[in-house]
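The values are calculated or read from the model by the stated rules, or taken from the named source; none is laboratory data. No experiment lies behind these values; they were computed from the predicted model shown. Cβ placement follows ideal geometry from the backbone for every residue including glycine, while neighbour counts extend to all protein chains displayed. Quick note on the areas: whole protein, heavy atoms, side chains included, nothing else; ligands and nucleic acids left out. Shrake-Rupley method; radii C 1.70, N 1.55, O 1.52, S 1.80 Å.
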Amino acid sequence: MVAQPADVTATPTAPAPTRFCAAPARNARLARPLRVVAGVRELDPHLVAELGRRMQTRDELGAALAGAMKRPADDPQRVTMRQFHTALADGVDAVPDAGPELRRFFAVVDEVPAWVDLDLVERGARAFRRLGRTRIDVLLALSLIGGYRFGGPADLLVATGGLTGDTAMRRLGETETWGRGVTAPGGMRRDGEGFRLTVHVRVMHALVNRAFETNGRWDAGRWGLPINQTDLATTLGLFNSTALLGSRALGRLVTREESRAVMHLWKYVGWLMGVDEDWLFDTEREQNVFNYHVLRVQDDVTPAGAALSRALVDGHGALPDRCARPKLLGLLRFFLGAEGLRDLGLPRASALPVLPGAVINLVASGVVARTRAGRRFLERAGDRATEQELARWFGERRAEVGRLPG
């Protein structure tokens, strides 16, 4: 096994931030369905304590590289963005006089851990693509906007200017572009788009952390470190088991083999992203148990969550497709309930428009997916759905898809 260096999360830790377990009664109620799904009888006090502690720990491998990238221009150990992009595209040996932090970073991410089965990763990518538009709907309504019901990450997005005003649909498109790269054929191999984008996102996270930790504009005592290990692992859980649970709720049948493959895909993605290895899981049940504990220790909703949610709902209202906004509100009503809409300051909506799509999903996954040709058809349909959503979200900026910022 290729482990992250021993000090990857060696940040000296402060006490858990005050957002930790700040709304116990509310979150126990919201987490009740997941408690049933995961079969949790009682909270694990050790895991609860670790969730609080790791709100004050970061990805130290990425932090060291970010520190080298912020050295003075005349420092011989400074790493430039150009050098990072060259190493990412062509390998660190393609960088003349590559500094020690750049070499250390790529020595880790370039070596595939022994537990990674790249064939299983490919099967996971195919299974994820077969979920098609359903996956897109779940990640938007349940994973992304559903996550805005809790303070912390939403407040960081507002502080960075993300997902507000004119940036809302562009940021959404960038996230979907990353997901498309991760699930593309060969996407998680060293020369794949998913690998490239995942490693790039890791470094961008490290740079955001450094900027907010040094400029005095972030209250770590209230929120924890800007992008901390608990929030990183939580975000990963929204893409694997939460996406699968939500897809099942919308009528998609997911086999045990598909579940195992999807979890393996995102386990490798999480490792590349810098998530602590003991919080990378092989099965949905393990991830759901973790996710249940995560829900129990969250903060209450903050104004940032409502602002972000309204930006995305309003952004869908501005699309040429007049059904986009009602559909999104219907999905939010289905997944978050009337209470969730109130929490986020969104208008009342009915979940009934979701039901016809669930019937179609049952037919697609229960009948069409039974043959190899049917599965290939669903994969192609999923690819088309992704491209259509990217075209809608990016609009005239469609050429930006796949471009690495910074």
task: Take the stretch 283-301 and flag every residue that is in contact with a helix residue (DSSP H, G or I) (Cβ under 6 Å, 6 or more places away or on another chain) and closer than 24 Å to V109 by Cβ.
output: Q287
query: Take the residues of the stretch 1-26 that are at pLDDT 95 or above and within 21 Å of the chain's Cα centre (by Cα): which is most open to solvent (accessible area, probe 1.4 Å)?
result: F20
In the stretch 179-194, the residues that are surrounded by 19 or more Cβ atoms within 10 Å (Cβ to Cβ) and either without any contact (Cβ under 8 Å) to a residue 24 or more places away in the chain or β-branched (V, I, T) (or both): V182, T183
query: Filter the stretch 248-278 for residues that are closer than 15 Å to R54 by Cα and in contact with a Lys or Arg (Cβ under 8 Å, 6 or more places away or on another chain); which is surrounded by the fewest Cβ atoms within 10 Å (Cβ to Cβ)?
result: D276
task: Mind telling me which of the residues I227, I145 ends up being of a type in the set (V, I, T) and touching an Asp or Glu at 6+ places or on another chain (Cβ under 9 Å)?
output: I227
statement: For the stretch 83-104 the number of residues that are out of contact with any His (no Cβ under 8 Å at 6 or more places or on another chain), touching a residue at least 60 places away in the same chain (Cβ under 8 Å) and either of a type in the set (S, T, Y) or open to solvent by less than 10 Å² (accessible area, probe 1.4 Å) (or both) is 1
query: Within the group G337, G345, which residue is open to solvent by 40 Å² or more (accessible area, probe 1.4 Å), at positive phi and not hydroxyl-bearing (S, T, Y)?
result: G345
query: Regarding D314, is this residue over 25 Å from A154 (Cα atoms), surrounded by fewer than 20 Cβ atoms within 10 Å (Cβ to Cβ) and among the acidic types (D, E)?
result: no
- prompt: Which one of these is in a helix (DSSP H, G or I), open to solvent by 10 Å² or more (accessible area, probe 1.4 Å), modelled with pLDDT under 95 and not hydroxyl-bearing (S, T, Y): L142, L197, L156?
  reply: L156
message: Just checking, does the stretch 44-55 include any residue being in a loop (DSSP other than H, G, I, E, B), among the basic types (K, R), open to solvent by 30 Å² or more (accessible area, probe 1.4 Å) and farther than 23 Å from G337 by Cβ?
response: no
- prompt: Out of all the residues in the stretch 367-377, is one or more open to solvent by less than 80 Å² (accessible area, probe 1.4 Å) and in contact with a Gly (Cβ under 7 Å, 6 or more places away or on another chain)?
  reply: yes
task: Quick one: which residue in G251, G315, G274 is under 17 Å from the mean Cα position of the chain (by Cα) and more than 21 Å from P24 (Cα to Cα)?
output: G274
message: What are the pairs with Cβ atoms under 6 angstrom where one residue, in the stretch 36-54, is closer than 13 Å to E286 by Cβ and the other, located anywhere, is crowded, with 19+ Cβ neighbours inside 10 Å and among the polar types (S, T, N, Q)? Sequence gap at least six, or different chains.
response: V37/N288; A38/N288
